[in-house]
Structures are given as C-alpha cells and as structure tokens.
Amino acid sequence: MSHFVDVTGLASFSSEKMKKNNIFTTERMFCDVYCFEPGQSQAAHSHAGSDKIYYVLEGTGRIQVGDVSRSAAAGTAVLAPAGSDHSVVNDGAERLKLLVFMAPKP
C-alpha cells in the first residue's frame with residue numbers, strides 16, 4: 001500500500017451509476033472518492049457501527065443525514081454518525097466528487 005496517493009488521478013466516473021474509487025483500506029477504515037454524474041444518487045442507508053464523513057471536493061449535491069437534507073458545495077464536510085440514514089444526490093448540472101471516510105470499516 002502506498003502512503004501517498006494522487007486523489008485527482010484516481011477519480012473516475014461511470015455513466016451507469018455513481019462510482020466508488022478506493023484510495024485507502026485498512027482493517028479499521030476506508031477512504032474513497034465517490035463520483036456522481038448529474039442526476040446520479042446513492043440511496044438512503046445506514047451503518048450500525050460505523051461513522052461516515054463526506055467531504056465535497058468538486059460540484060454541489062444534496063446530502064441527507066437523518067431528517068436533515070442540505071445542499072453541500074465544495075469545501076463542505078458532512079458527518080453521518082453510526083446508525084443514521086444518509087444519502088447523496090447530485091441534483092446539479094455539473095459532476096460531483098466526494099472524499100469519503102468510514103470508520104470502523106464495516
């Protein structure tokens with residue numbers, strides 16, 4: 001495993017559905033770049049024993065955590081605590097790229 005990664009070079013998109021691009025995986029956590037074309041989404045779901053952080057790298061999307069849904073632009077970090085429903089929708093006209101951390105790894 002490399003300890004240094006060019007995140008920009010790892011980000012790729014799919015016209016079929018949002019794409020997860022792994023950066024790091026250990027026994028305790030993972031870090032991915034999620035890439036969404038306009039209109040793509042990640043359905044609401046939860047993780048019983050894991051916290052997830054979304055950090056918007058590029059674009060703007062709607063992120064829902066529990067009962068709260070907000071527009072999140074580049075530079076925004078969002079915490080989805082363990083057990084909370086969360087989802088992402090790229091409701092904008094541009095691509096959406098998120099840096100995603102989850103620990104502990106499910």
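The table below gives the values:
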read-out	value
Residues being more than 10 Å from the chain's Cα centre (by Cα), small (G, A, S) and closer than 23 Å to K17 by Cα - total across the stretch 85-105	2
Answer from V65, V7 - the residue that is buried (at least 18 other Cβ atoms within 10 Å of the Cβ) and β-branched (V, I, T)	V65
Residue that is nearest to K105 (Cα to Cα) [pool: residues in the stretch 24-66 that are part of a strand (DSSP E or B) and basic (K, R)]	K52
Selection from the stretch 68-106 of residues that are among the charged types (D, E, K, R), outside any strand (DSSP E or B) and either buried (at least 19 other Cβ atoms within 10 Å of the Cβ) or modelled with pLDDT of 95 or more (or both)	D85, D91, E94, R95
Hits in the stretch 1-23 - residues which are in a loop (DSSP other than H, G, I, E, B) and either of a type in the set (D, E, K, R) or in contact with a helix residue (DSSP H, G or I) (Cβ under 6 Å, 6 or more places away or on another chain) (or both)	D6, E16, K17
Filtered residues of the stretch 10-48 (kept if surrounded by 15 or more Cβ atoms within 10 Å (Cβ to Cβ) and either more than 17 Å from the chain's Cα centre (by Cα) or acidic (D, E) (or both))	D32, E37
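Matching residues to (1) without any contact (Cβ under 8 Å) to a residue 12 or more places away in the chain; (2) in contact with a Lys or Arg (Cβ under 9 Å, 6 or more places away or on another chain); (3) of a type in the set (A, V, I, L, M):
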site	(1), (2), (3)
S2	yes, no, no
S15	no, no, no
N21	no, no, no
Q40	no, yes, no
H45	no, no, no
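The values are calculated or read from the model by the stated rules, or taken from the named source; none is laboratory data. It should be emphasised that the depicted structure is a prediction, and the values quoted were computed from it without experimental measurement. No Cβ is skipped: glycine too gets one built from the backbone with ideal geometry, and neighbour counts run over all protein chains shown.
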